[in-house]
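Read-outs throughout are calculated quantities, based only on the coordinates presented, and are distinct from any laboratory measurement. Just so we're clear, the structure is a prediction, and the values are computed from it rather than from any experiment. In this analysis, Cβ positions are derived from the backbone assuming ideal geometry, glycine residues included, and neighbour counts consider all displayed protein chains.
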Amino acid sequence: MLIVDTDVVCVERQLRAQELMCPACRAVLAPWGHGRPREIRGDLGARLFVRPRRSRCTGRQVTHVLLPEMMWPRRMDAAEVIGTGPEIAALGLGHRQIAARLGLADGTVRGWVRRFRHRSEAVRRYFIVALVALADDPVMPEPAASPLSDAVSVIVAAHRMATMK
């Protein structure tokens, strides 16, 4: 799987212009049909129907699904929906309250929040590096109440800096 732009026309143009490379061997990717249609749950209960493009590596002859950046591999919720769970959890709400607000199953949201909590220090470090790369003199967020809150605040700061450029 290869994460690409959400704009289908842009991805098709890149594929036809041989601008996309295989992540394993860096050979050119060529058009190779489409993946199976998928229904993705978007923000505010929206249902998105996506049929990802497939490509074939001209070097190793393996295929790749070109997954739009709004989707996460093997997830039926859009990235913005999944990201909302830890963001709300950083405010101190539990998974049941978050699930009720998002209209999702408790177990789904509990899994997101648990995984994010477990990886929050690694996520925080990754986005601190991104923040430093984005700004000459970055303003680091103040320490928060928990590692999860720290990670979310650094993600928000890096996002703000990236959108300012």
Just for the stretch 108-138: of the residues that are touching a helix residue (DSSP H, G or I) at 6+ places or on another chain (Cβ under 7 Å) and over 16 Å from residue 87 (Cβ atoms), which one is surrounded by the fewest Cβ atoms within 10 Å (Cβ to Cβ)? 121
Restricting to the stretch 93-118, give me the number of residues that are under 26 Å from residue 160 (Cα atoms) and in contact (Cβ under 8 Å) with a residue 24 or more places away in the chain. 5
Do we have any residue at all in the stretch 14-24 that's touching a Lys or Arg at 6+ places or on another chain (Cβ under 7 Å), surrounded by fewer than 12 Cβ atoms within 10 Å (Cβ to Cβ) and not aliphatic (A, V, I, L, M)? no
So residue 105 passes all but one of these: (1) among the hydrophobic types (A, V, I, L, M, F, W, C); (2) touching a helix residue (DSSP H, G or I) at 6+ places or on another chain (Cβ under 8 Å); (3) exposed (fewer than 15 other Cβ atoms within 10 Å of the Cβ); (4) more than 30 Å from residue 50 (Cα to Cα). Which condition number does it fail? (4)
